[in-house]
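Novice: Please find one structure pasted underneath; my questions will follow.
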Amino acid sequence: MAGALRYGRLVAAVPKSRSRPTKVRSTLRGSPRRLVLPVAAALLAAGCSGPASEAPDAAASTATSGQATTTTARDSVTTTGSVQVESTVASTEATTQTIEPIPAAELVIETFGVPEGSRPHDVAPAADGGVWYTAQGAAALGYLDPETGETRHIALGAGSRPHGVIVDDEGDAWITDGGLNAIVEVDAETGETRVFPLPPDRPNANLNTATFDLEGRLWFTGQNGIYGVLDPVSGSLEVYDAPRGQGPYGIDGSPNGEVFFASLAGSYVGEIVAPGQVTELEPPTPDQGARRIWFDSSGRAWVSEWNTGQLSAYQPATGVWETYALPGASPQPYAVYVDESDIVWVSDFGGNSIHRFDPVGLSFTTFSLPNDPGEVRQLLGRQGEVWGAESAADTLVVIRRR
């Protein structure tokens, strides 16, 4: 069983019971402290015919339907040397939406300041209506009460440099901590932490992002060339070498339970088909810098391409890729997130903005960030809300109905 740090002491990790008593959570009340900004640019054309240099002008104010660049998958290589069979079926059918999307014109961006020097990196909506954020500059996990604007920090220990944060089905926060080279669990009610360090022979993994599979296991990436899996119940933690070395960054699970990650330095998408075995999927544009990945409800994977200014979609069932150029002169897509209506959200370093992409109408709506630079590195949400963190401005942002 893996060791865990409790209150600064290394002890045996206590297995978590899958039948812990249900937690009673309070509802926070108060007056919000927020800045509301309108949509900066109306529906923009989804430039889908080429790389970032061919993206439509960000100043465009009319909606224009675009055509996706559609290709079948290139050779898909596994770490064992085998090649997947390619599909020649090209399907661009619209995703079935179970929740009607909020019209773009009814959305606004709001901001919430966090303590100076926090440098918030990732966010995760909390079960009680609050928002967790990794305070990378403060070696802490932060919590925002959006109703009052109040924040609090939970110290993670000397040397901590938290990167990603997600929430499990009991409301507890799970952090990928590059400074501690460990996975950290924070109890949402008590603030108690459990720390699961990587093995001694896996130092400086540069841990990035995590996701849960359908069995409750936590899969994670390390940009220095690893991916791994933690069983929160037994405390067992395994680490594997990723194909092509450095690069694993964003990670997500499909509705069917498959786990995929994006490799920024490797410029591929990896499907974890078995422990220690990854199928390498090649996006159509070489050296695209696949940074983050997120699935929609149909099982289509959306990938932000840092190097090309593009948003790509991959359909595992058919092997078909579709590519869309972001609006603006020099877009740099960082984060990608798909909401409950299958609307795709992308943060853009180059445009200092967050884009809303409608995959049915093939149109972008752009929300300019209130601070320049804002540098939103990750997006996550709950019904009716999309949250991010302006890491360069010690500010959290949310896009929701006005």
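Novice: If you go through segment 203-226, how many residues are part of a strand (DSSP E or B) and over 17 Å from Trp294 (Cα atoms)?
Specialist: 3
Novice: Name the residue, out of Pro232, Pro255, that is in a loop (DSSP other than H, G, I, E, B) and surrounded by 19 or more Cβ atoms within 10 Å (Cβ to Cβ).
Specialist: When all the criteria are applied, what remains is Pro232.
Novice: Just to be sure, is Ala392 in contact (Cβ under 8 Å) with a residue 12 or more places away in the chain, assigned to a loop (DSSP other than H, G, I, E, B) and not polar (S, T, N, Q)?
Specialist: Yes, satisfied.
Novice: Still on this structure, please answer the following. State the number of residues belonging to segment 313-334 that are under 22 Å from Phe220 (Cα atoms), outside any loop (DSSP other than H, G, I, E, B) and touching a Gly at 6+ places or on another chain (Cβ under 7 Å).
Specialist: 1
Novice: Also, I was wondering about something else. With of a type in the set (A, V, I, L, M, F, W, C) and either crowded, with 22+ Cβ neighbours inside 10 Å or in a strand (DSSP E or B) (or both) as the only criterion, which of Val386, Val360 stands out?
Specialist: Exactly one residue qualifies, and that residue is Val386.
Novice: Across segment 363-383, which residue is nearest to the chain's Cα centre (by Cα) among those that are over 18 Å from Phe295 (Cβ atoms) and outside any strand (DSSP E or B)?
Specialist: By that ranking, first place goes to Glu375.
Novice: Here is a follow-up. Among residues belonging to segment 208-223 that are touching a Lys or Arg at 6+ places or on another chain (Cβ under 9 Å) and surrounded by 18 or more Cβ atoms within 10 Å (Cβ to Cβ), point out the one that is nearest to Pro248 (Cα to Cα).
Specialist: Top of the filtered list is Gly222.
Novice: What number of residues within segment 179-190 are without any contact (Cβ under 8 Å) to a residue 40 or more places away in the chain, in contact with a Lys or Arg (Cβ under 9 Å, 6 or more places away or on another chain) and surrounded by fewer than 23 Cβ atoms within 10 Å (Cβ to Cβ)?
Specialist: Here the count works out to 2.
Novice: Scan segment 182-225 residue by residue and report those that are among the hydroxyl-bearing types (Ser, Thr, Tyr) and within 16 Å of Phe260 (Cβ to Cβ).
Specialist: Within segment 182-225, Thr209, Thr211, Thr221 qualify.
Novice: Here's a check for you: in segment 281-309, which residue that is charged (D, E, K, R) and surrounded by 21 or more Cβ atoms within 10 Å (Cβ to Cβ) is farthest from Val360 (Cα to Cα)?
Specialist: Looking at residues that are charged (D, E, K, R) and surrounded by 21 or more Cβ atoms within 10 Å (Cβ to Cβ), I get Arg291.
Novice: Further question: What's the number of the condition Gly350 fails, among (1) part of a loop (DSSP other than H, G, I, E, B); (2) in contact with a strand residue (DSSP E or B) (Cβ under 7 Å, 6 or more places away or on another chain)?
Specialist: (2)
Novice: Related question: Please go through (1) buried (at least 20 other Cβ atoms within 10 Å of the Cβ); (2) more than 21 Å from Asp252 (Cβ to Cβ) for Pro203 and return the number of the only condition it doesn't satisfy.
Specialist: Going through the list (1) buried (at least 20 other Cβ atoms within 10 Å of the Cβ); (2) more than 21 Å from Asp252 (Cβ to Cβ), Pro203 breaks only (1).
Novice: Scan segment 291-312 and give yes if some residue there is touching an Asp or Glu at 6+ places or on another chain (Cβ under 9 Å), in a strand (DSSP E or B) and of a type in the set (D, E, K, R), otherwise no.
Specialist: Yes, segment 291-312 has at least one match.
Novice: If Phe112 meets every condition in (1) in a loop (DSSP other than H, G, I, E, B); (2) closer than 19 Å to Arg401 by Cα; (3) out of contact with any Phe, Trp or Tyr (no Cβ under 9 Å at 6 or more places or on another chain) apart from one, which number is that one?
Specialist: (1)
Novice: For segment 95-142: of the residues being touching a His at 6+ places or on another chain (Cβ under 8 Å) and of a type in the set (Ser, Thr, Tyr), which is surrounded by the most Cβ atoms within 10 Å (Cβ to Cβ)?
Specialist: Thr134
Since every read-out is calculated from the coordinates, none of them should be taken as a lab result. Values in this document were obtained by computation on a predicted structure and should not be read as measured data. In this analysis, Cβ positions are derived from the backbone assuming ideal geometry, glycine residues included, and neighbour counts consider all displayed protein chains.
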